[in-house]
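Engineer: Below is a structure I'd like to ask you about.
Where a number appears in this text, it was derived from the coordinates with a stated rule and is not lab data. Just so you know, these numbers come straight off a predicted model, no measurement behind them. Ideal geometry is used to build each Cβ from the backbone, glycine not excepted, and the neighbour counts take in all protein chains shown.
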Amino acid sequence: MYPEFLPDPNPLYRNALREKLERIDMLARRTRIAIPEFYVGSILAVTYSEPHAPGKVNKFVGICIERNGSGLRSSFLLRNIVDNQGIEVCYELYDPAIQKIDCLRLEKRLDSHLRYLRDAPAKYSTFPFDLEPEFLPEGASVPVNDIKVPLNGLPWLEKWERQELKGIIIKGVTFSKKRNAKTKISAKPWEKYDLMKIYRETIPEEEQNEIFNEVYTKLHEIEITKRRLKHKRTFIRPQKTG
Amino acid sequence: MTSFLKTINGLQLFNKFLKPSISTIISKRDGGVGTPKYRHPEWLPKVTHVKHDEHLTQDNKEFIEEIVQDNYDSPIEFGTQISPLKIDPIEPITKWRKGLRRTGLIAKKIGVYPLWLKDGKKVSSTLLQIVDNEVVKYMPPEKFHPVRSCKPPLQIKRRLGCLVVGAENIDPQWVTKEYYGMFKDTGVIPKRVLRRFIISPEAALQPGTPLIAAHFKPGEIVDIRAKTIDRGFQGVMKRWGFKGMPASHGVTKTHRRPGNIGSGGRKARVMPGTKMPGHMGNKWRVHRGQQILRINTKYNIIWIKGQNIPGEINSYCHIYDTILPLRRHKTAPHFPTYLPSITKEPLPEELYADEVHQFSDPTIEFKEES
């Protein structure tokens, strides 16, 4: 739920004290803004103070196609199509200029990133700016949207056929002989059994527990105050009218 | 006779197998030139290297640890405890004026992360931790000769003194007698890193004075000296940023090579200073004119603007007041250092420069100009 609290697993950049200070700063920011739970594939609305915008405030709605980074540098990429033009905006999660983040539709997709929407028909990444937020019942698990996206013809921005993506349909695209051969060569089907590689690229569970134990009480407090505020907002005392 | 010797040898071998010999390795004192270096297999548990075998029993070890505990009963807490000095203190109290040089600090680079300014701009900042910094020794100008040469010493008008600062406490058992001698007279715990800062004699400090991150103020400009990352022997493309040569169009075997390195004719030689492949990095470099954005007094951390401080993460660097003529101090800094005992008011935990946004502040909003 809070993937950005885990540090970069690369040992070249690890330092326990820096990670701790980073977490303190993240929690300090979280007391000012409610950052909702969201995943790749969720639809978000971000209100952002922008010095050059009319009214100094901008709002952007889009589907989260990627989440990057860890700690204070964690960011997410929103995609939408406005006036037949694909627009992607990268937001920093802890940017103090972000006024509000709303999760309009909370769901997951089959893949860890949805960059392939850039090479898909426009209707798969078009969302109206006045989308009504959908609420899940309390305690329900996050639904997985198993939609399969058909891709446009070549040329593509990336070689999607090599990435073992589950959410795409490649139809009516013919690859050259050379490309097929290279796909075969570059395939690494053994990597998912490489335990050492997985160990190196993730934070071990004991360390995760340590980190989450440290931040849990503060996060829990924030959650409770958030909920209280929400209830306050929903309950409006009926007023007497003459 | 031979059989008897053999049996003895066999016994020794047997003994060797019985001992858990993996835990310590006695490194040789004189390894000749050309002797291959022992490389410990990665899959075996890590060894602790010792200079020579002390043959200490468990009781001996406990006794030594007790003595160490008695001598330095607890790590010196900043500002609270007076260091156990054996020499007379130096009276520092003179007011700051322009042209005085004060000491610097030894810091550990612990990482990089972004901070935001009040105008919404994102800047990356490097975190430097001040680890157990203490003054080890002061050399007055008469005794300090920075350059030793066979020529007669230069007649310098304004001679400066020198302050040796140490960082990161280590166990006194680890160090040699000669190294310990530096700390013995002053009663400072032995330090892993030592560094001398050239100072004016007015800024002299008593050995044992703790130096903390509040030595600087947020917003001040500093210079940082450190060793760059060691990149080993590198080609011309990485070392000097050459363009290399095309990947195709009939180019063979010369994709990352420098090309021509000089003219023929009369000169018939390579000019000195030609950019060529060679060892890259592991050099002392000074990064001048960096601004301090934020200071944490609890953990002794300094946030510095920019992500280009030389060196790897978890390596040491030296910070001192900048010598750039236009960016030097205009107002008085903490002179000779920040002494918590003199200023009664305790500092807040977090100090920020004026333009830095604090994470606990409300969201940045821009107002429309009417």
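Engineer: List B:Asp70, B:Asp185 from most exposed to least, where exposure is judged by having the fewest other Cβ atoms within 10 Å.
Structural biologist: B:Asp70, B:Asp185
Engineer: Consider a paramagnetic label point 7 Å from the Cα of A:Glu214 along Cα→Cβ; state which residues of segment A:1-36 have an amide N under 13 Å from it.
Structural biologist: From segment A:1-36, the list is A:5-8, A:14-27.
Engineer: Return the tail of the calculated pair distribution for segment B:245-285, meaning the percent of Cα-Cα pairs more than 12 Å apart. Numbers along the way, then the final one.
Structural biologist: Details: 584 of 820 pairs.
Here the tail beyond 12 Å accounts for 71 percent of pairs.
Engineer: Restricting to DSSP loop positions (anything but H, G, I, E, B) with no more than 10 other Cβ atoms inside 10 Å of their own Cβ, which trypsin sites (Lys or Arg not before Pro) remain in segment B:150-185?
Structural biologist: Values: sites: B:Lys157, B:Arg158, B:Arg159, B:Lys177, B:Lys184; in loops: B:Lys157, B:Arg158, B:Arg159.
Qualifying residues, ordered by number: B:Lys157, B:Arg158.
Engineer: Further question: Assign one of three labels to segment A:130-242, namely rounded, prolate or oblate, based on the Cα gyration tensor with a ≥ b ≥ c the square roots of its eigenvalues; rounded applies when a/c is under 1.5, prolate when it is not and a/b is larger than b/c, and oblate otherwise.
Structural biologist: The shape class here is oblate.
Engineer: Using a 7 Å offset from the Cα along the Cα-to-Cβ direction at both A:Thr47 and B:Trp284, what is the distance between the two label points in nm, to one decimal?
Structural biologist: Going from the A:Thr47 label point to the B:Trp284 one covers 5.6 nm.
Engineer: Provide A:Val144, B:Val131, B:Val188 in ascending order of the number of other Cβ atoms located within 10 Å of each residue's Cβ, fewest first. Intermediate results must be reported in sequence, preceding the final value.
Structural biologist: Numbers: A:Val144 12, B:Val131 19, B:Val188 25.
Least to most surrounded, the residues fall as A:Val144, B:Val131, B:Val188.
Engineer: I'm a student and want to see the number: the projected area of the Cα convex hull of segment B:194-243, averaged over all directions, in nm².
Structural biologist: Answer in nm², one decimal: 6.9.
Engineer: Quick one: Cα centre-to-centre distance for segment B:244-317 and segment A:75-140, in angstrom?
Structural biologist: Cα centroid of segment B:244-317 versus Cα centroid of segment A:75-140: 41 Å apart.
Engineer: Taking H placed 1.01 Å from N in the peptide plane, check which residues at least 5 places from B:Ser125 or on another chain put their amide H under 5 Å from its amide H.
Structural biologist: It is B:Tyr113, B:Leu115, B:Gly306, by chain and number.
Engineer: Whole-Hz ³J(HN,Hα) for each residue in segment A:73-78, computed from phi via Karplus 6.51 cos²θ - 1.76 cosθ + 1.60 with θ = phi - 60°, x for glycine and proline: what do you get?
Structural biologist: Taking θ as phi minus 60°, the curve returns 8, 5, 9, 9, 10, 9 Hz for segment A:73-78.
Engineer: Using a 10 Å cut-off on Cβ to Cβ distances, tally the other chain neighbours for every residue of A:90-101 and report the average as a whole number. Walk me through the intermediate numbers first.
Structural biologist: Values: counts 0, 0, 3, 0, 4, 6, 14, 10, 2, 4, 1, 0.
Average per residue, whole number: 4.
Engineer: Which entries in the list A:Lys226/B:Lys118; A:Lys230/B:Lys298; A:Lys123/A:Lys159; B:Lys157/B:Lys330; A:Lys148/A:Lys177; B:Lys121/B:Lys238 go over 29 Å, if you measure between the two C-alpha atoms of each?
Structural biologist: A:Lys230/B:Lys298; B:Lys121/B:Lys238
Engineer: In peptide B:110-117, what is the residue-averaged number of other protein chain Cβ atoms found within 10 Å of each Cβ?
Structural biologist: Neighbouring Cβ atoms belonging to other protein chains average 6 per residue here.
Engineer: Note the per residue figure in Å³ for the convex hull of the C-alpha positions in the protein assembly as shown.
Structural biologist: That works out to 374 Å³ per residue.
Engineer: Percentage of Cα-Cα pair distances in segment A:63-107 greater than 17 Å, rounded to whole percent?
Structural biologist: 40 percent
Engineer: In nm, to one decimal, how far is the B:Lys367 label point from the A:Ala140 one, both placed 7 Å along Cα→Cβ?
Structural biologist: 4.5 nm
Engineer: While we're here: Output the direction-averaged projected area (hull surface divided by four) of the convex hull of the alpha-carbon atoms of segment A:8-58, in nm².
Structural biologist: Over all viewing directions, segment A:8-58 projects a mean Cα-hull area of 6.1 nm².
Engineer: Search the structure for amide H atoms under 5 Å from the amide H of B:Cys162, placed 1.01 Å from N in the peptide plane, and list their residues when 5 or more places away or on another chain.
Structural biologist: B:Met139, B:Ile199
Engineer: Taking the Cα-to-Cβ direction at A:Gln163 and at A:Lys230 and moving 7 Å from each Cα, how far apart do the two end points lie in nm?
Structural biologist: Distance between label points: 3.2 nm.
Engineer: Go ahead and run the numbers for FRET between A:Ile147 and B:Arg39, Cβ-Cβ distance against an R0 of 51 Å, rounding to 0.05.
Structural biologist: 0.40
Engineer: If you don't mind, another one. Report the paramagnetic label zone for B:Leu347: residues of segment B:192-230 whose backbone N is under 20 Å from a point 7 Å from Cα along the Cα-to-Cβ axis.
Structural biologist: B:197, B:203-225
Engineer: Next question. Quick one, can you get me the convex hull of the C-alpha atoms of segment B:225-301 expressed as volume per residue in Å³?
Structural biologist: For segment B:225-301, the hull spanned by Cα atoms encloses 182 Å³ per residue.
Engineer: Here's something else I'd like to know. Cβ neighbours within 10 Å, averaged per peptide: list B:345-355, B:259-269, B:221-231, A:92-102 in order, most packed at the top.
Structural biologist: A:92-102, B:221-231, B:345-355, B:259-269
Engineer: Counting only the backbone N, which residues of segment B:275-293 are under 17 Å from the spot 7 Å out from the Cα of B:Leu326 toward its beta-carbon?
Structural biologist: Within reach of a label on B:Leu326, which here means backbone N under 17 Å from a point 7 Å along Cα→Cβ, segment B:275-293 contributes B:288-291.
Engineer: Continuing with this model, one more query. Quote the convex hull volume per residue of chain A, based on C-alpha atoms, as a whole number of Å³.
Structural biologist: 200 Å³
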